[in-house]
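Everything below concerns the one structure shown next.
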């Protein structure tokens, strides 16, 4: 399957999952009722519009945006670092964001500030990683130095998070921090979503625009340059866009792992390695995956399961399967 | 496809190296379009440094490098890529791109920041694959190809770049005998399309096979720069590689002679 038709199929699958997902929950609604409500705007069941508009639609949009954003930035980072085992938090954005949020929770700040602090923390961690790599490696295999700096910054912020958890009040603050770190799409309001949607678009659109050149970058620094690519500018564009996308999503819904690692793999399997197709397909599949997982998280049992747990439980076996497959091939 | 005969890629009185320290001194080198220059030298003699300089990755420590009379260090990567293409040693890629896509990446220098290749780029890429006789593999995955096929595809990619000069890093290394000969033949053919070629090789015979000029890099200098008949004598080869080599005249089937070299093994039957 090629080009536009593949994207259309993915979009249709996503739309189907959206409608199914809207029906699940404490108050089940049939797909037929949802479709007729979507078309006419009215419903014989007076509760449906209320439930949809105030509860399920915001959450559905949040899942779609978060999943797509994490997957597209994961795909872009894998291209940039020429390594299919890279995830969007390779430069420390997750642990930075986690630290920011934990600090805000510890200081009893409002939810808006928790989000702001986590966004700032995520961006700062990446900036530190980039600054460190620039200070260390003048030119020589800069990608490797960048990855190592990212790992260092990541574990540093990881330690800082542990410290905050250690000093946090175990009855009140500690559970809040822990819960935040596990990620959740509950309690997301339309207003917050709008800001995040804007940030995600501002990062994802440039990524799509440079997607063809991202292929060239995956040949490595020198070869890409000999093909006429300004590798420094290109790398900056990818890091800035992918970091902004990831940090804004994390600030909204906490740390949700695995999506940014696993979904680009599935997408590469379906769409091939060309980033021009891979990025949009990753976005759509990431959205569908996250939405499906979140639907399970909120409706499988009577208590909500933190979504990060489900993505990891579903992601880990899949990742082992991918590693097995790729080791057979080579 | 190519024009601009007589365009030159020139290094004048340059020292090449990193962080202000030259490891190759006083290099003078000129390649004109249609030329082939074979670069010989031991491992670690500075071939890679020379290539990196000629591709504009690093600046010469002193002296100048210019292409078509323009100072290379003032050109953007895109402009450099319009003049000089590069064929690195063959390797596997992290992602298994299709062969036709790999060749299309050669068109990068001709595209804008947000652009993707169009129909014209595709037809140029296919043309280049046909020139290298690889068109039948266009839909295959690059990583599934043999070493020789990969090398041909990467040469096709460099050709798609439509640069007047092509730098090849040991294009025939790691290839079996038949593929070595095929690659060398193709390189000769490319020079016939008035592309200027600089190729590193470990095999002095490749210089005879391409009938190219020869430059020898040894002891931090680019010495001996001339036709292979003068350059590749037993003495120079002994000097460069430290082993005894004999150079013969070999009559070719088509008439005429070509030189050939063979190591002296030092045992008697």
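The values are calculated or read from the model by the stated rules, or taken from the named source; none is laboratory data. Values in this document were obtained by computation on a predicted structure and should not be read as measured data. Methodologically, a virtual Cβ is constructed for each residue, glycine included, from the backbone with ideal geometry; neighbour enumeration extends over all protein chains shown.
Evaluating residue B:39 against the criteria (1) surrounded by fewer than 15 Cβ atoms within 10 Å (Cβ to Cβ); (2) not in a loop (DSSP other than H, G, I, E, B) leaves one unmet condition, (1).
Kindly establish whether residue B:8 is surrounded by fewer than 18 Cβ atoms within 10 Å (Cβ to Cβ) and at the interface with chain A (Cβ under 9 Å from one of its Cβ atoms).
So residue B:8 fails the test.
Among the residues making up the range A:244-269, those that are within 14 Å of another protein chain (Cβ to nearest Cβ) and either touching a residue at least 60 places away in the same chain (Cβ under 8 Å) or outside any helix (DSSP H, G or I) (or both) are A:264, A:265, A:267, A:268. Scanning the range B:47-63 for residues that are farther than 27 Å from residue B:129 by Cβ, within 13 Å of chain A (Cβ to nearest Cβ) and either part of a strand (DSSP E or B) or in contact (Cβ under 8 Å) with a residue 60 or more places away in the chain (or both) turns up just one, B:48.
Only strands (runs of 3 or more DSSP E) whose full extent lies in the range B:181-269 are considered here, and the ones with at least 3 residues that are without any contact (Cβ under 8 Å) to a residue 60 or more places away in the chain and touching a helix residue (DSSP H, G or I) at 6+ places or on another chain (Cβ under 8 Å) are B:245-251, B:257-263. Checked against the criterion of being buried (at least 23 other Cβ atoms within 10 Å of the Cβ) and not in a helix (DSSP H, G or I), the candidates A:214, A:185 yield just one match: A:185. Within the range B:98-105, not a single residue is over 20 Å from residue B:133 (Cα atoms) and at the interface with chain A (Cβ under 9 Å from one of its Cβ atoms).
Within the range B:158-176, can you find the residues that are under 30 Å from residue A:271 (Cα atoms) and touching a residue at least 60 places away in the same chain (Cβ under 8 Å)?
B:158, B:159, B:161, B:162, listed by residue number.
Within the group A:229, A:197, A:209, which residue is modelled with pLDDT of 90 or more and crowded, with 24+ Cβ neighbours inside 10 Å? Within the list A:229, A:197, A:209, the selection yields A:229.
When you scan the range B:64-81, how many residues do you find that are under 25 Å from residue B:34 (Cβ atoms) and more than 7 Å from chain A (Cβ to nearest Cβ)? Qualifying residue count, the range B:64-81: 12.
What are the residues in the range A:221-239 that are in a helix (DSSP H, G or I) and at the interface with chain B (Cβ under 7 Å from one of its Cβ atoms), if any? The answer is A:222, A:223, A:225, A:226.
To keep it simple, each residue is scored yes or no on (1) more than 19 Å from residue A:255 (Cβ to Cβ); (2) modelled with pLDDT of 95 or more; (3) touching a strand residue (DSSP E or B) at 6+ places or on another chain (Cβ under 9 Å); (4) within 14 Å of chain B (Cβ to nearest Cβ).
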{"residue": "A:72", "(1), (2), (3), (4)": "no, yes, no, no"}
{"residue": "A:80", "(1), (2), (3), (4)": "yes, no, no, yes"}
{"residue": "A:84", "(1), (2), (3), (4)": "yes, no, no, yes"}
{"residue": "A:88", "(1), (2), (3), (4)": "no, no, no, no"}
{"residue": "A:99", "(1), (2), (3), (4)": "no, yes, no, no"}
{"residue": "A:129", "(1), (2), (3), (4)": "no, no, no, no"}
{"residue": "A:134", "(1), (2), (3), (4)": "yes, no, no, no"}
{"residue": "A:139", "(1), (2), (3), (4)": "yes, no, yes, yes"}
{"residue": "A:148", "(1), (2), (3), (4)": "yes, no, no, no"}
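Apart from one condition, residue B:162 fits all of (1) more than 11 Å from residue B:38 (Cα to Cα); (2) surrounded by 20 or more Cβ atoms within 10 Å (Cβ to Cβ); (3) within 14 Å of chain A (Cβ to nearest Cβ); (4) within 20 Å of the chain's Cα centre (by Cα); the exception is (2).
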